[in-house]
Amino acid sequence: MKIAFVGKGGSGKTTLSSLFIRHLATTGAPVVAVDADINQHLGAALGLSDEETAALPAMGAHLPLIKEYLRGANPRIASADTMIKTTPPGEGSRLLGVREDNPVYDACARPVALDDQGIRLMATGPFTESDLGVACYHSKVGAVELCLNHLVDGPGEYVVVDMTAGSDSFASGMFTRFDMTFLVAEPTRKGVSVYRQYKEYARDFGVALKVVGNKVQGEDDVDFLRAEVGDDLLVTVGHSDWVRAMEKGRPSPFAALEDRNRAALRALQRTADDSYAHRDWERYTRQMVHFHLRNAESWGNARTGADLAAQVDPSFTLSEGLSAVQPA
């Protein structure tokens, strides 16, 4: 299952995504976690030191390797240089699985031990000095979008992406790449403003969206959120001494997380798992192609000097049945 956490800056989006990742790890499920936020705090929220977080390989720095591997033997893609962030897979492309080992994970993913379980962690990478004033952050998350386009995952497998804050997620088609999107909102007018934007933007794309109320202090906060977001409110999360200790660098075993917050995490997992019944690979592939053609016309053809519409394989639909297809 592909799951995104979104929300305005300061809403607790990264904290909630890290708690959910920890919860999934306790079940023994395979998890790939991706930090796609400009602030790059997911590693620290998962207990890594500043040095360990800084040492995470940047996916953007390995984009040539990612492109070359995913291109495989796809005859519609003349070279890796002509691939852009939205390039869809076709016959001959290599696909990514959650459980497998492959050169992309070797280069970009690092194992993180969470109590007695482990996950894979990937990161887009921070802005560098050479990016300042000349690069858009969304160029950094292109590697994530490309990998999601080629990812085949099944039930009981999880890819959790901590997205960039606010409505910036809509600067690419990546917001359509998920089975479930959890929007973290505080019980304030500003807290729900991003929800309204997200709901409006996602309306025509079939995005499954649920709200996680965070920093909730009482029934009045719950009533406010319910009045503002209605049935989209899934669960609420309040103060956590466990989280506060983690943020101070004094972590305790995850089993010590408050019962009410553990119950909220279980509800998130149930909701994500239930979304599997509504998975539509044909729509997923169609949306992938839609955004690729838009990007090709807008800037991709001029940037690469190629007709990127020709990369679309009209007979190809991404599906779980293709998970073992790995061209030589």
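The values are calculated or read from the model by the stated rules, or taken from the named source; none is laboratory data. As the structure is a prediction and not an experimental result, all values here were calculated from the model. Note that we place each Cβ from the backbone using ideal geometry, even for glycine, and neighbour counts take in every protein chain shown. Side chains are part of the model used for accessible areas, which takes the heavy atoms of the whole protein and leaves out ligands, DNA and RNA. Shrake-Rupley method; radii C 1.70, N 1.55, O 1.52, S 1.80 Å.
For the range 256-273, a residue qualifies if it is farther than 17 Å from residue 14 by Cα and either open to solvent by less than 80 Å² (accessible area, probe 1.4 Å) or among the basic types (Lys, Arg) (or both), and the qualifying residues are 256, 258, 260, 263, 266, 267, 270, 271, 272, 273.
Could you check, for the range 286-293, whether at least one of its residues is within 24 Å of residue 175 (Cβ to Cβ), in a helix (DSSP H, G or I), open to solvent by 50 Å² or more (accessible area, probe 1.4 Å) and without any contact (Cβ under 8 Å) to a residue 24 or more places away in the chain? Reasoning before the result, please.
Of the residues in the range 286-293, the ones within 24 Å of residue 175 (Cβ to Cβ) are 286-293.
Next, from what is left, pick out any that are in a helix (DSSP H, G or I): 286-293.
Next cut, open to solvent by 50 Å² or more (accessible area, probe 1.4 Å) only: 286, 290, 293.
This time we only want the ones that are without any contact (Cβ under 8 Å) to a residue 24 or more places away in the chain, so: 286, 293.
Yes.
Among the residues of the range 191-212, are any of a type in the set (Asp, Glu), open to solvent by less than 80 Å² (accessible area, probe 1.4 Å) and on the phi < 0 side of the Ramachandran plot? No, the range 191-212 has no match at all.
Could we say that residue 86 is in contact with a Phe, Trp or Tyr (Cβ under 6 Å, 6 or more places away or on another chain) and polar (S, T, N, Q) here? So residue 86 fits the description; yes. Among the numbered conditions (1) more than 25 Å from residue 42 (Cβ to Cβ); (2) in a helix (DSSP H, G or I), the only one that residue 217 does not meet is (2).
Which of the residues belonging to the range 171-186 are part of a helix (DSSP H, G or I) and within 17 Å of residue 89 (Cα to Cα)?
Looking only at the range 171-186, we keep the residues that are part of a helix (DSSP H, G or I), and these are 171, 173-176.
Scanning the range 171-186 gives 173, 174, 176.
Do the conditions hold for residue 294, that is, is it of a type in the set (D, E, K, R) and within 23 Å of the chain's Cα centre (by Cα)? Walk me through how you get there before you give the answer.
Numbers: of a type in the set (D, E, K, R): yes; within 23 Å of the chain's Cα centre (by Cα): yes.
So residue 294 passes the test.
Note on the range 213-232: among residues that are in contact with a Leu (Cβ under 6 Å, 6 or more places away or on another chain) and buried (at least 19 other Cβ atoms within 10 Å of the Cβ), the one that is farthest from residue 288 (Cα to Cα) is 225. Do you know which residues across the range 239-279 are in contact with a helix residue (DSSP H, G or I) (Cβ under 7 Å, 6 or more places away or on another chain) and either outside any helix (DSSP H, G or I) or hydroxyl-bearing (Ser, Thr, Tyr) (or both)? Of everything in the range 239-279, those that are in contact with a helix residue (DSSP H, G or I) (Cβ under 7 Å, 6 or more places away or on another chain) and either outside any helix (DSSP H, G or I) or hydroxyl-bearing (Ser, Thr, Tyr) (or both) turn out to be 240, 251, 252, 257, 258.
Would you confirm, using the coordinates I've provided, whether residue 185 is surrounded by 14 or more Cβ atoms within 10 Å (Cβ to Cβ), in contact with a Ser or Thr (Cβ under 8 Å, 6 or more places away or on another chain), touching a residue at least 24 places away in the same chain (Cβ under 8 Å) and closer than 30 Å to residue 292 by Cβ? Walk me through it before giving the result.
Details: surrounded by 14 or more Cβ atoms within 10 Å (Cβ to Cβ): yes; in contact with a Ser or Thr (Cβ under 8 Å, 6 or more places away or on another chain): yes; touching a residue at least 24 places away in the same chain (Cβ under 8 Å): yes; closer than 30 Å to residue 292 by Cβ: no.
No: the conditions fail for residue 185.
Among helices (runs of 4 or more DSSP H) lying entirely in the range 1-103, which contain 2 or more residues that are surrounded by fewer than 20 Cβ atoms within 10 Å (Cβ to Cβ)? I'd like the intermediate steps shown before the answer.
On the way: elements: 13-26, 42-45, 50-54, 63-71.
It comes to 50-54, 63-71.
The residue pairs whose first member lies in the range 107-121 and is more than 13 Å from residue 59 (Cα to Cα), whose second member is in a strand (DSSP E or B) and open to solvent by 80 Å² or more (accessible area, probe 1.4 Å), and whose beta carbons are closer than 8 Å, counting only pairs six or more residues apart or on different chains, are 118/111; 119/111; 120/110; 120/111.
Just one of 277, 296 is of a type in the set (Gly, Ala, Ser) and either without any contact (Cβ under 8 Å) to a residue 60 or more places away in the chain or within 30 Å of residue 116 (Cα to Cα) (or both); which is it?
Selected residue: 277, the only one of 277, 296 that is of a type in the set (Gly, Ala, Ser) and either without any contact (Cβ under 8 Å) to a residue 60 or more places away in the chain or within 30 Å of residue 116 (Cα to Cα) (or both).
With the structure loaded, tell me whether residue 174 is modelled with pLDDT of 95 or more, under 30 Å from residue 68 (Cβ atoms) and buried (at least 21 other Cβ atoms within 10 Å of the Cβ) or whether it fails that test. For residue 174, the condition - modelled with pLDDT of 95 or more, under 30 Å from residue 68 (Cβ atoms) and buried (at least 21 other Cβ atoms within 10 Å of the Cβ) - is not met. Annotation note: Cβ proximity below 6 Å between a residue of the range 307-319 that is touching a residue at least 12 places away in the same chain (Cβ under 8 Å) and of a type in the set (A, V, I, L, M) and a residue that is part of a helix (DSSP H, G or I) and open to solvent by 40 Å² or more (accessible area, probe 1.4 Å) (sequence gap 6+ or interchain) occurs for 308/301; 309/293. Considered as a group, the residues in the range 243-254 that are at pLDDT 90 or above and open to solvent by 80 Å² or more (accessible area, probe 1.4 Å) include one that is nearest to residue 41 (Cα to Cα), and that residue is 244. Which members of the range 49-99 meet the condition of being within 14 Å of residue 310 (Cβ to Cβ), among the small types (Gly, Ala, Ser) and in contact with an Asp or Glu (Cβ under 7 Å, 6 or more places away or on another chain)? Hit for the range 49-99 is 90, nothing else.
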